[in-house]
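To keep things clear, I will list the structure first and then write my remarks on it.
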Amino acid sequence: MQNSEELKWALLVASLAMLTMAFCMISFVMYYQKRRFEEEKKINDIEKNYNRLLLDTALNSEETERRRIAQDLHDDIGTMLSLTKLSLNQLIKMAGNSRNEKEDQIMRKSQSLVEETILHVRRITRDLVPTTLERFGLLEAIEEFIHKLAEDKNLTISFHAGMEEFPRQAQKLELTLYRIMQELVNNAIKHANCTRIEITLEIREELIGLRVTDNGIGFDPEKMKESSMAGLGLLGIESRLAILNGTVLYEKPEKGGASAFAQIPVMPVADVKLEPLHPFRRERVNV
Amino acid sequence: MFPVYLTYCTKNPVGCIAVFITLLPLILIIYRKAYIDPSFKLLLLYLIFKLIIDVIMFHTAAMHQNNLLYFNIAIPFYYSFLSGMFYFKFSSITFKRFLIASMIGFLIFTVWDILKSNSQLHDLHNHRAVLFAKTVEGVLIIALVLLFFYDIIKSLQIPNLLTFPFFWVCSGLLLYYSSFIFIAPVFHYTATWKNSFDLGIANTIPTLFEILCALFFSIGIYHFSTADYAKQ
């Protein structure tokens with residue numbers, strides 16, 4: 001009788017031990033799986049942040065380089081051209097009426113060439129560093145950009161802002177939107193064979209939206225990205241947006257052409273510096 | 001007949017619940033259309049077969065007849081259905097071949113065990129439970145479940161195990177067979193007409209975990225979604 005009682009207890013203990021092991025096994029699988037997923041997620045986040053940082057650094061370097069080139073053009077070439085113009089003016093004055101017609105023609109041609117070169121240098125420096133953007137903001141910078149392109153009689157560019165007073169945003173955001181707008185408009189001009197471009201800028205809730213629509217031949221963004229060279233501009237747009245958690249959507253309007261809609265979460269600047277930054281100041285673009 | 005069943009139910013309520021709780025996952029499989037997954041189709045067949053065997057055993061037990069023949073016969077079928085479920089969960093061809101070989105091997109082993117345990121097969125009144133086959137079935141199913149768990153951890157494809165239907169099925173099987181693995185061979189000696197040895201609570205543990213297993217199946221099937229089936 002005692003043996004049977006012991007057997008019962010032995011069976012009970014063995015079964016309970018086995019069940020405990022089973023419960024532990026199930027709990028372990030659940031816990032381990034969860035932990036591995038969390039680790040995997042952490043690694044993915046680190047990789048994502050690292051890539052973002054790399055991209056950010058690359059774009060900052062690009063802006064810094066643009067500033068440096070613009071500064072060199074302004075300080076060195078610009079100054080030398082101004083001096084050349086001054087010297088030419090002096091030479092013309094010194095020569096007085098003694099020079100013949102041909103010499104006079106050469107002198108004036110040289111003078112006009114120097115003036116034209118100065119204008120070109122000024123335009124290039126402004127293209128390299130959008131000083132209007134830094135001084136007055138996105139609306140003015142876009143309007144200035146459109147104004148420059150308005151010389152082309154076959155192209156009509158219109159710009160609509162959702163509000164009259166567009167609040168200043170963080171420098172990085174404004175620069176990103178400006179560069180995206182530049183890229184999209186340049187793409188439309190180069191590749192779309194369009195006659196009309198519409199730019200719309202609006203703030204909806206916590207997002208700033210930029211839409212560029214043209215009436216050109218349109219394009220397939222997926223195919224463009226797959227091709228090795230043609231899609232670099234679009235990839236650049238996506239890279240810039242990725243840094244600011246922005247998105248871009250390419251559409252094909254029913255009436256034809258192409259439309260790109262970029263959205264970025266707002267980053268308002270509470271304390272906007274009213275004094276403009278020196279356009280060619282030597283500094284890292286700290287955005 | 002009904003009062004006989006009722007009397008049996010009142011005497012052995014846990015055993016009766018274990019018989020009829022099988023209806024819950026069975027109905028859920030049909031309701032949730034989980035049978036579109038080959039593994040769950042086999043689970044449905046297993047549950048139908050189990051319900052039939054359990055009902056027959058319930059009837060014979062209520063009639064005070066020896067029902068261990070059904071218990072013994074069901075063993076290779078249970079193993080075939082359950083291991084068949086894992087056949088569709090593993091991609092390795094070698095493993096699939098091993099599973100088929102194990103089904104055939106286990107069938108032969110169970111027949112040998114039945115014959116060995118019952119020298120006089122025609123004497124159904126004194127028919128005894130198998131000595132090894134149920135334990136071997138338990139060991140094999142536990143091994144398959146652990147292999148599946150290893151595969152889950154290794155592949156890292158299921159973000160949330162609590163919503164993964166087959167994880168619940170495996171957990172239920174693991175608990176049920178863990179509770180039964182030591183008690184099964186003892187049945188060979190205790191489950192006889194002349195036996196005076198009562199296992200006590202140890203006898204009820206596998207029945208309780210059989211109920212828990214059916215509940216785990218039901219939870220798993222409840223999480224089954226035909227829309228997400230392709231993703232699984």
*Could you give the distance between the Cα centres of the stretch B:8-75 and the stretch A:1-73, to the whole Å?*
40 Å
_Peptide B:182-192, shielding by other chains (average Cβ, 10 Å cutoff)_ = 2
_Computed label-point distance, nm, for sites A:Glu205 and A:Val266 using a 7 Å Cα→Cβ extension_ = 1.3 nm
*Using r as the Cβ-Cβ distance of A:Lys41 and B:Val111, and R0 as 41 Å, what FRET efficiency do you calculate, to the nearest 0.05?*
0.20
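Going by accessible area, probe 1.4 Å, with all protein chains left in place, what is the ranking of A:His74, B:His59, largest first?
A:His74, B:His59
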*Using a basic spin-label model with each label point 7 Å from the Cα along Cα→Cβ, how many nm lie between A:Lys109 and A:Thr57?*
5.2 nm
*Across 10 Å bins from the origin, how do the percents of Cα pairs in the protein assembly as shown run, short distances first?*
3, 13, 17, 12, 9, 9, 9, 9, 8, 5, 3, 2, 1, 0, 0
*Specify the residue with the greatest mean-square fluctuation among B:Leu69, B:Leu131, B:Leu147, computed from a Gaussian network of chain B linking alpha-carbon atoms under 10 Å apart.*
B:Leu147
*Excluding same-chain residues fewer than 8 positions from A:Lys252, which lysines have a Cα within less than 28 Å of its Cα?*
A:Lys148, A:Lys153, A:Lys190, A:Lys223, A:Lys225
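Based on the mean of other Cβ atoms within 10 Å per residue, sort peptides A:80-90, B:136-146, A:234-244 so the most packed one is first.
Numbers: A:80-90: 13.6, B:136-146: 20.5, A:234-244: 17.9.
Peptide ranking by packing, descending: B:136-146, A:234-244, A:80-90.
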*chain A - accessible surface per residue (Å², probe 1.4 Å)*: 64 Å²
*Within chain B, which complete DSSP H helices have Cα atoms spanning at least 20 Å along the helix axis and a mean Kyte-Doolittle hydropathy of -0.5 or higher?*
B:38-62, B:68-87, B:93-117, B:133-155, B:165-180, B:201-222
*Along its principal axes, what span do the Cα atoms of the stretch A:1-129 show, with the longest given first and each in whole Å?*
143, 18, 13
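Convex hull over the alpha-carbon atoms of chain B: what's its volume per residue in Å³?
122 Å³
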*In degrees between 0 and 90, to the nearest 10, how far off the longest principal axis of chain A does helix A:79-95 point, with axes built from Cα atoms?*
0 degrees
*Of the residues A:Val248, A:Val13, A:Val185, which exhibits the maximal mean-square fluctuation in a Gaussian network model of chain A defined by a 10 Å Cα contact cut-off?*
A:Val13
*Cα centroid separation, the stretch B:111-179 to the stretch A:110-155 (Å)*: 80 Å
*asked:* What does the charge count around B:Thr110 come to, taking other residues whose C-beta lies under 15 Å from its C-beta (Lys +1, Arg +1, Asp -1, Glu -1)?
replied: +1
*Could you state the angle between the C-alpha long axis of helix A:232-243 and the longest principal axis of the C-alpha atoms of chain A, as a value from 0 to 90 degrees rounded to the nearest 10?*
60 degrees
*Can you give the mean number of other chain Cβ atoms that lie within 10 Å of the Cβ atoms in peptide A:31-37?*
4
*Lysine pairs in the stretch A:15-137 with alpha-carbon atoms under 26 Å apart, 8 or more places apart or on different chains: how many are there?*
7
*asked:* Can you give me the % of accessible surface on the protein assembly as shown that is carbon or sulfur? Probe 1.4 Å, all protein chains present, nothing else counted.
replied: 61 percent
*Calculate the mean, over all residues of peptide B:151-158, of how many other protein chain Cβ atoms lie within 10 angstrom of the residue's Cβ.*
2
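The values are calculated or read from the model by the stated rules, or taken from the named source; none is laboratory data. This is a predicted model, so every value here is computed, not measured. Here Cβ is always computed from backbone atoms with ideal geometry, including for glycine, and neighbour counts include all displayed protein chains. Please note that ligands, DNA and RNA were not included when accessible areas were found on the heavy atoms of the full protein model with its side chains. Shrake-Rupley method; radii C 1.70, N 1.55, O 1.52, S 1.80 Å.
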